[in-house]
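Structure record follows, encoded as structure tokens.
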Amino acid sequence: MMEALRIGDIAVWPPIVLAPMSGVTNRTMRALYKPFGLGLTVTEFVSSNALRYGSKRTMEMIDQHGLEKPVSTQLWGDDPQAMAYAARVVRECGADIVDINFGCPAPKVTKTNGGSACLRDPERCEEIMRAVVAAVDCPVTMKMRLGWNEDHLVYLDVARRAQQAGVQALTLHARTAKQFYKGSADWEHIALLKRSVDIPVIGNGDVRDAYLAMRRIQESGVDAIMLGRATLGNPWLISQIRDLMQGREPQPLPSAAERLRFAIVHYRAMLDEWGEARAVPQMRKHVALYLKNVPGAAALRERLMRLDRAQDAIALVEETISHLESPAFAA
Ligand SMILES: Cc1cc2nc3c(=O)[nH]c(=O)nc-3n(C[C@H](O)[C@H](O)[C@H](O)COP(=O)(O)O)c2cc1C
């Protein structure tokens with residue numbers, strides 16, 4: 001039986017964290033996936049500069065359902081004062097935790113020295129962390145990669161600075177920024193980080209099945225695991241890991257038809273909350289993932305990509321479920 005992850009005075013149980021994913025982990029998604037066994041969810045990353053202007057789109061990104069608490073709101077930027085201001089805003093808007101992003105490798109972020117580009121200057125990282133910790137009365141956490149490139153693996157240096165600055169937990173996605181998503185996450189670095197700091201460490205990268213998750217936790221000694229891509233279209237993975245953490249056999253994954261039924265629940269929730277124009281493009285990605293391993297998935301995905309109306313996309317999923325459950329198919 002694993003223990004809860006403690007971030008300041010917040011107990012996170014189960015110690016399973018949904019990774020922040022831009023364009024994905026909005027409030028609807030977090031609330032839908034939380035009951036599968038997430039102890040903590042993180043918003044999409046939000047630009048600290050954008051928070052100065054508070055546009056409707058930006059404010060939507062930090063919005064919460066309330067169902068998915070505790071919520072960590074993630075900020076990016078390279079200016080300590082702008083980050084401190086943004087931290088105060090998101091705290092006032094209900095963030096339980098403020099998370100600092102030192103991991104994003106996307107050029108649109110790194111060209112302004114944000115995200116993983118901060119790792120090129122550990123002193124700057126420290127200034128940002130100190131400013132954010134001083135700005136809010138809730139725990140501050142930080143998520144990073146190993147470093148900018150393999151010649152500059154700064155994660156231990158930045159982690160020690162984080163600890164001294166009063167940051168209360170660290171997440172390491174064990175790739176360099178230059179790697180983007182290539183190669184594989186190197187969990188040896190996560191194990192070394194865990195041995196090197198006293199604050200809790202959350203391990204992240206390439207966890208695709210429940211037994212692998214448990215092996216990663218045991219081998220690295222991390223306090224919690226963060227799951228990103230593998231949960232998309234498969235939130236049941238979260239429940240399986242929770243089962244193992246509680247010493248139970250994991251529940252089997254659902255049938256393709258059951259998975260698609262949940263895809264419709266997901267679709268309708270997105271539609272209700274975001275309207276058709278925004279739900280349809282986002283749900284193309286999600287439904288494509290729920291269709292994994294469904295016979296004829298490639299052709300179904302192709303049809304889905306051409307549908308612009310939610311009711312047509314839902315009808316396609318319903319039709320697929322009927323086909324999967326038809327006696328002819330079962331035979
Ligand atoms: C579509 C997508 C969007 C992401 N957006 C963010 C983000 O906003 N903030 C962040 O810290 N990481 C972001 N990440 C990285 C993930 O949080 C995570 O570190 C990475 O996917 C590795 O974990 P995984 O192998 O379990 O997916 C994103 C990843 C993906 C696939």
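A few notes on this one:
- Å² per residue, accessible surface of the range 146-281 at 1.4 Å: 45
- Unit Cα scatterers, Debye sum, the chain: log10 I(q)/I(0) for q = 0.10, 0.12, 0.13 Å⁻¹: -0.58, -0.83, -0.97
- Hz values of 3J(HN,Hα) by residue in the range 66-73 - Karplus curve (6.51, -1.76, 1.60), Gly and Pro given as x: x, 6, 9, 5, x, 10, 9, 9
- Stretch gain in nm, segment ALA134-ALA277, where the contour uses 0.36 nm per residue and the Cα spacing is subtracted: 47.5 nm
- Label-point gap, in nm, between TYR53 and THR112 - each point 7 angstrom along Cα→Cβ: 0.9
- Sorting the segments 253-263, 47-57, 292-302 by their residues' average number of neighbouring beta-carbon atoms within 10 angstrom, most packed first, yields 253-263, 47-57, 292-302.
- Per-atom-type breakdown for the range 5-245 gives carbon and sulfur 48% of the accessible area (1.4 Å probe, protein chains only).
- Across the range 94-105, computed HN-Hα scalar couplings (Karplus, 6.51 cos²θ - 1.76 cosθ + 1.60, θ = phi - 60°) run x, 4, 7, 9, 10, 10, 9, 8, 10, x, 5, x Hz from first to last residue, x flagging Gly and Pro.
- Flagged links, alpha-carbon separation over 31 Å, of LYS56/LYS178; LYS56/LYS182; LYS56/LYS108; LYS69/LYS285; LYS194/LYS285: LYS56/LYS178; LYS56/LYS182; LYS194/LYS285
- Pairwise Cα inverse-distance average, inverted: Kirkwood Rh of the range 11-81 (Å): 12.5
- Degrees between helix 80-92 axis and first principal axis of the chain (Cα, 0 to 90, nearest 10): 50
- Simple point charges give the picture: +1 on the Cβ of Lys and Arg, -1 on the Cβ of Asp and Glu, and for the chain a dipole about the Cα centre of about 520 debye.
- Nearest 10 degrees, 0 to 90: helix 236-245 Cα axis against the chain principal axis: 60
- Cα gyration tensor of the range 256-330 - equivalent ellipsoid semi-axes, whole Å, descending: 21, 12, 10
- Relative contact order, percent, the chain [alpha-carbon distance under 8 Å, six or more residues apart]: 13
- Shown here for the range 101-183: GluC sites (Glu not before Pro) in loop regions (DSSP other than H, G, I, E, B) with at most 16 other Cβ atoms within 10 Å, namely GLU150.
The values are calculated or read from the model by the stated rules, or taken from the named source; none is laboratory data. Remember, predicted model here, so these are calculated numbers, not experimental data. Here Cβ is always computed from backbone atoms with ideal geometry, including for glycine, and neighbour counts include all displayed protein chains. These accessible areas exclude ligands, DNA and RNA; they are computed on the full protein's heavy atoms, side chains included. Shrake-Rupley method; radii C 1.70, N 1.55, O 1.52, S 1.80 Å.
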